[in-house]
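Notes follow the structure.
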Amino acid sequence: MSPVGGVGINYAIQDAVATVNVLSQGLKSGRVSDADLAEVQRQREWPTRVIQAAQSFLQRRIIAGALNTAQAANVPWQLRLFAKIPIVRDIPPKISDISST
Ligand SMILES: Cc1cc2nc3c(=O)[nH]c(=O)nc-3n(C[C@H](O)[C@H](O)[C@H](O)COP(=O)(O)OP(=O)(O)OC[C@H]3O[C@@H](n4cnc5c(N)ncnc54)[C@H](O)[C@@H]3O)c2cc1C
């Protein structure tokens with residue numbers, strides 16, 4: 001997970017919650033199957049892929065340009081607006097929550 005967006009720790013916690021919910025019974029009885037592990041992956045793969053795609057987009061379109069210039073960074077107004085509206089700003093970490101349903 002890239003540091004872009006600062007959501008990786010949130011995802012790690014969500015991964016842990018999904019994992020314990022799926023595996024706890026099997027671990028208690030000493031029987032965890034490949035199907036159990038596949039279920040963890042099924043729940044966690046798509047939100048991870050979605051956020052990684054968003055991170056790659058931000059890296060290519062905004063961060064790479066800022067790093068490759070000697071001038072002061074000029075943050076696009078769309079990104080400043082994004083960071084100022086809590087309901088919009090909270091979408092990336094919330095994508096992770098949706099997956100556990
Ligand atoms: C440079 C950088 C900066 C970041 N900054 C931020 C940030 O500011 N905010 C944020 O939210 N996220 C950030 N992230 C993302 C965040 O660090 C990760 O998403 C998060 O740490 C993932 O946690 P994890 O427990 O799933 O995996 P990891 O933290 O990668 O932990 C996996 C552990 O398993 C161990 N391991 C691997 N294979 C084996 C094996 N076979 N046997 C035993 N142990 C094994 C590894 O050594 C490691 O200790 C950053 C990432 C990077 C690379």
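Assorted remarks:
- Relative contact order of the chain, pairs being alpha-carbon contacts under 8 Å that are 6 or more residues apart, as %: 40 percent
- Placing pseudo-labels 7 Å out from each Cα toward the beta carbon at S33 and F57 gives an inter-label distance of 3.8 nm.
- Placing pseudo-labels 7 Å out from each Cα toward the beta carbon at A16 and W77 gives an inter-label distance of 4.2 nm.
- Accessible surface comparison of I9, I95, I85, probe 1.4 Å, protein chains only, largest first: the order is I9, I85, I95.
- Cβ-derived FRET efficiency at R0 22 Å, S2 paired with N68, nearest 0.05: 0.80
- Build a GNM of the chain with springs between Cα atoms under 10 Å apart, and of A18, A70, A83 the one that fluctuates most is A70.
- Using a Gaussian network model of the chain in which every pair of alpha carbons under 10 angstrom is joined by a spring, one finds that among T19, T69, T48 the greatest mean-square fluctuation is at T69.
- Between the helical axis of 34-58 and the longest alpha-carbon principal axis of the chain there is an angle of about 0 degrees.
- Helix 8-29 axis, angle to the chain major axis (alpha carbon atoms, nearest 10°): 0 degrees
The values are calculated or read from the model by the stated rules, or taken from the named source; none is laboratory data. These numbers were taken from a predicted model, which means no experiment stands behind them. Here Cβ is always computed from backbone atoms with ideal geometry, including for glycine, and neighbour counts include all displayed protein chains. We work out accessible area using only protein heavy atoms, side chains counted, and drop any ligands, DNA or RNA first. Shrake-Rupley method; radii C 1.70, N 1.55, O 1.52, S 1.80 Å.
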